[in-house]
Amino acid sequence: MAKRIEFSAHGGPEVLQYVDFTPKEPAPNEVLVSNRAIGINYIDTYVRSGLYPPPHLPSGLGTEAAGVVEKVGAGVTHINVGDRVVYAQSTLGAYSELHCVPADKVAKLPDAISYEQAAASFLKGLTVYYLFHLTYKVKPGEIILFHAAAGGVGRIACQWAKALGVKLIGTVGSPEKAAQAMRDGAWATINYREENIAQRVKALTNGEKVNVVYDSVGKATWLDSLDCIKSLGLMVTFGNSSGPVTGVDLGILNQKGGLFVTRPSLGHYITTKQLLQHASNELFSMIASGAINANVSAEQRFPLKDAVQAHKALESRATSGSSLLLP
């Protein structure tokens, strides 16, 4: 027997339960990973709430963790028992002591990267990788707008942008988070509770606005984001922390300057084990060089059994950067 988090009904954090379960044997082309650190991501709250309903209930939760390979299924040749690995695209159930993962979704973890650093940064770091290199290739000296700059993805984005010589304007919800974003490498910040986002972007860019906006907030920032983009620029909406954008009249893209909009996710870009390892190596090199700090503060490290408290902290917007569950 092992322990995991599961839920039998959609709702708030209180629906999460810490239960016994019997781990499956790895199927062909799967590996069984003994998790050492588990990543908590905002998308997990969407699954739990029912915004992104799982295939069935009861359901496990989470798709990201780092640990040691315990068993390998038939047909697996590039991963061995005992390998240190990290994953972010598993089936639901990573909030557990043991989890079966498709072998092609697992990346080998260099010795220089700890389990906790890996689990704290893998999904978020791969997200920043595809946003900055594949969805829209940012250029040194370019000014971009990135919402939720003190969140888990945002903090990595601030650091990665600085390493690339990109001027990132980050939106935040408090002076404390503004200070954090600046420490992480933001070029400027906008406190959306006190300042008009579009007006501040125009002022910071001498009225030119930006070529691209990266928006994980969704409903609350959709219109503000469009007002920050140059004609023929790109709106990248990759999350819904304030709720999904719905009921959009596409004519607004014409009114705002013939804008482009995309709604990508990691799975659209990382489709093979070769692409996964390449993207992983880019992230690992940033961490190993010190360009990205993937360490997690003590108050954002939770025992696996305390997943309810972890989700409450995440949704209260009291956290900054990444949080972890520790089996």
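A straight Cα-to-Cα reach below 17 Å connects K24 with the aspartates and glutamates E6, E70, E97, residues fewer than 8 places away in its own chain not being considered. Net charge dipole, the chain: roughly 560 debye, given to the nearest 20, about the Cα centre with Cβ charges of +1 for Lys and Arg and -1 for Asp and Glu. Counting protein heavy atoms only, the range 247-327 has 52 percent of its accessible area on carbon and sulfur, 1.4 angstrom probe. Remark: the range 107-199 projects, on average over all directions, an area of 6.6 nm² (convex hull of Cα atoms). In the range 51-210 the Cα-Cα distances spread across 10 Å bins starting at 0 as 10, 30, 28, 21, 10, 2 percent of all pairs. Each of N254 and R193 was given a label point 7 Å from its Cα along the Cα-to-Cβ line. The distance between the two points is 4.0 nm. Considering helices alone, the calculated mean residue ellipticity of the chain at 222 nm is -8500 deg cm²/dmol, with DSSP H runs of length four and up weighted by -39500 (n - 2.57) and normalised per residue. Between T171 and F146, H147, A148, A149, I190, the built amide H atoms are under 5 Å apart, and every one of these is 5 or more places off in sequence or on another chain. Can you pull the percent of Cα pairs in the range 1-106 with separation above 20 Å? Everything past 20 Å amounts to 36 percent. Expressed as a fraction of 2.2 N^0.38 Å, the C-alpha radius of gyration for the range 35-96 is 1.26.
Entry for the range 193-244 at q = 0.26, 0.27, 0.32 Å⁻¹: log10 I(q)/I(0) = -1.00, -1.04, -1.20, Debye formula applied to identical alpha-carbon scatterers, no solvent contribution. Taking Lys and Arg as +1 and Asp and Glu as -1, the other residues whose beta-carbon sits under 11 Å from that of G185 total +3. Among the listed pairs K108/K162; K139/K202; K124/K162; K167/K312, those whose Cα-Cα separation exceeds 24 Å are K108/K162; K167/K312.
Over the range 218-327, accessible surface divided per residue gives 48 Å², non-protein components excluded, 1.4 Å probe.
The values are calculated or read from the model by the stated rules, or taken from the named source; none is laboratory data. Being a predicted model, the structure only gives us computed values, none of them experimental. Cβ: placed from backbone, ideal geometry, glycine included. Neighbour counts: every protein chain shown. Keep in mind that these areas ignore ligands, DNA and RNA; they rest on the heavy atoms of the full protein, side chains included. Shrake-Rupley method; radii C 1.70, N 1.55, O 1.52, S 1.80 Å.
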